[in-house]
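The values are calculated or read from the model by the stated rules, or taken from the named source; none is laboratory data. In this text the structure is predicted, and so the values were computed from the model without any measurement. Note: ideal-geometry Cβ built from the backbone for every residue, glycine included; neighbour counts use all protein chains shown. Note: accessible area is taken over every heavy atom of the protein model, side chains too, but ligands, DNA and RNA are not part of it. Shrake-Rupley method; radii C 1.70, N 1.55, O 1.52, S 1.80 Å.
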Amino acid sequence: MLGAAAASAGKETSQAPAAVAAGLGAPLLDLDALDPHQIERGLIDRRLIRQYQALPLLRQGGRLLIALAEPAAMAAVDEIRFHTGLPVQPVVVEAGKLNRALQLQDRGESLLDEVGLEELQGDAAPAMEPGAEAANADETPIVRLVNRLLLDALQAGASDIHFEPFETSCRVRFRIDGILHEITRPPVHIARRIASRLKIMAEMDIAERRLPQDGRIRLPAADGGGVDFRVNTLPTLWGEKLVLRILDGGGAQMDIDALGLSGPQRELFESALKASQGMILVTGPTGSGKTVTLYAGLRLLNSPERNIATAEDPVEINLEGVNQVAVNNRIGLDFAACLRAFLRQDPDVLMVGEIRDLETAAIAVKAAQTGHLVLSTLHTNSAGETLTRLRNMGIPPFNLATSIRLIIAQRLARKLCGHCRQPLRLPGDALLQAGFLETEIDSLQLHGARGCEHCKGGYRGRVGIYEMLPVGNELARVIMGDGNALDIASQAETEGHEDLRRAALARAAAGLTSLDEVNRVTWTPGTGRQ
């Protein structure tokens, strides 16, 4: 194992670790190549680990492997040998990776100590029937652990929480700014009890572990409000994985100002919202902020003079003054059924959570052509592909050209941390290849991520990237002429509308995000990939 991991160090290993390894006569190890499940814990006191910055990894061939990054940490070898009674083999790793591993382990063990799980660490931990915690006081260790993780996720600004059981470990991860971060690894033998506690909170059937389930948790707040979590279970090889989506009611206060649209983009959006009829479509992958954009539009439209109805799956944010319906496919209340009912309710504005099939698309188009303003979403990569997708569903080109007013394609990119972002210099050829214009290069100042105590890996928060495509007369002619996505994109460029890539590059040029993030969330020129 050590040989495989050391061999994989390769290009990612900097010269400094290689020099340290040569000086100490110790092997070089890439921590990323080591299965984190196999890192042994509890071998030595955490004070020694923090004092020497030396991390015990695993026992191999009767020896204990110790990861270190600095020659000074060699002083720990004799002391660790004394405490463990094992021969010690030091291995050299990159300082950054060692620091992350130490922080993760320390944070996880501190959390388990804080909630009182030390009595559950051994293999002889007492077995409890699922749901036993419900019969006890609400201050059992499992209850404290679950509550603490939910609160930590809220404080970290996470959007999702993942509880994942494996053969030899249990992992908890938070999705922060669109990226998953491992938070802690509770003992594997309490994974089922964690799942049971969450299912009790979500009012699920705790005895059913063979089928997926959906539920909802309401976490009350001191001010009388609260936060909702949408819960889903999935039976896996080693137990039930649970994912909690945090439904932030504060998003209901989101307005157009907070979206971060440019001046021309905001004008296009507001102009489409002021229309008495037509369709506004927001497209992008899951987690790209489409719902927030729709809610921002609904908030602007929400007034006593308008009858607004929405069909959502599920209803994530409550909007006072808006008639919101939760789709329930099990009883036949799908998007199409909601739309048909809405049209008999004297509506002015309709919002459909997602257009997934021809029936929903056809009713939405008909509503947009008969005096209603319709807002909805699709999962497509660009504004031009949205029209192609609807046409492939079976909507005639003429109906698309006469009903759609605006298509918004969007992504969310992580924002650079204002405390630690650093200037970045790239060759002119690389900037041209990235998509910048030759006239922009001389005055261009890009920034890169570094990382500090204020952020996660150099990023904090997210910024929206938008492509706005209004359907005017010329574009309508292209659509009715059965133009494909490339024809539509070409016409949009002729009319001066930025595509997603150019909009993202503008964010990078303004110092809001990095070129790495731009490449992650938008098309890269010349690669044919997203």
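Return the residues of the range 464-503 that are surrounded by 18 or more Cβ atoms within 10 Å (Cβ to Cβ), within 26 Å of Lys415 (Cα to Cα) and either within 25 Å of the chain's Cα centre (by Cα) or not hydrophobic (A, V, I, L, M, F, W, C) (or both); say none if nothing qualifies.
Answer for the range 464-503, where residues must be surrounded by 18 or more Cβ atoms within 10 Å (Cβ to Cβ), within 26 Å of Lys415 (Cα to Cα) and either within 25 Å of the chain's Cα centre (by Cα) or not hydrophobic (A, V, I, L, M, F, W, C) (or both): Gly464, Ile465, Tyr466, Glu467, Met468, His497, Glu498, Asp499, Leu500, Arg501, Ala503.
Among the listed residues Asn302, Asn307, which satisfies the condition of being modelled with pLDDT of 95 or more, open to solvent by 20 Å² or more (accessible area, probe 1.4 Å) and not acidic (Asp, Glu)?
Working: Asn302 fails: modelled with pLDDT of 95 or more.
So the residue among Asn302, Asn307 that is modelled with pLDDT of 95 or more, open to solvent by 20 Å² or more (accessible area, probe 1.4 Å) and not acidic (Asp, Glu) is Asn307.
Can you confirm whether the range 507-520 contains a residue that is of a type in the set (Lys, Arg) and more than 23 Å from Ile176 (Cα to Cα)?
Within the range 507-520 (the criterion being of a type in the set (Lys, Arg) and more than 23 Å from Ile176 (Cα to Cα)), the answer is no, since none of the residues qualifies.
Filter the range 434-463 down to residues that are part of a loop (DSSP other than H, G, I, E, B), buried (at least 20 other Cβ atoms within 10 Å of the Cβ) and not hydrophobic (A, V, I, L, M, F, W, C), then give me how many there are.
The number of residues fulfilling the criteria is 2.
Please determine, by comparing only the residues of the range 23-70 that are of a type in the set (Val, Ile, Thr) and at pLDDT 70 or above, which one is farthest from Val88 (Cα to Cα).
Quick first cut of the range 23-70, residues of a type in the set (Val, Ile, Thr) only: 39, 44, 49, 66.
Those still in the list that are at pLDDT 70 or above too: 49, 66.
On the way: Ile49: 14, Ile66: 7 Å.
It comes out as Ile49.
Assess whether Asp228 counts as being closer than 30 Å to Ala367 by Cβ, among the acidic types (Asp, Glu) and open to solvent by 50 Å² or more (accessible area, probe 1.4 Å).
Working: closer than 30 Å to Ala367 by Cβ: yes; among the acidic types (Asp, Glu): yes; open to solvent by 50 Å² or more (accessible area, probe 1.4 Å): no.
No: the conditions fail for Asp228.
Select from the range 504-517 the residues that are of a type in the set (A, V, I, L, M, F, W, C) and open to solvent by less than 10 Å² (accessible area, probe 1.4 Å) and list them in ascending order.
Scanning the range 504-517 gives Ala504, Leu505, Ala508.
Going through Ala337, Ala361 one at a time, which residue ends up being modelled with pLDDT of 90 or more and out of contact with any helix residue (DSSP H, G or I) (no Cβ under 9 Å at 6 or more places or on another chain)?
Ala337
Got a sec? Which helices (runs of 4 or more DSSP H) wholly within the range 302-398 have at least 1 residues that are within 21 Å of Ala409 (Cα to Cα) and in contact (Cβ under 8 Å) with a residue 60 or more places away in the chain?
Counting at least 1 such residues, we get 358-369, 383-393.
Determine whether Arg405 is open to solvent by 10 Å² or more (accessible area, probe 1.4 Å), assigned to a strand (DSSP E or B), touching a Pro at 6+ places or on another chain (Cβ under 9 Å) and not aromatic (Phe, Trp, Tyr).
Yes: the conditions hold for Arg405.
Go through the range 314-351 and give me each residue that's open to solvent by 80 Å² or more (accessible area, probe 1.4 Å) and within 23 Å of Asp255 (Cβ to Cβ).
Asn318, Glu320, Asn323
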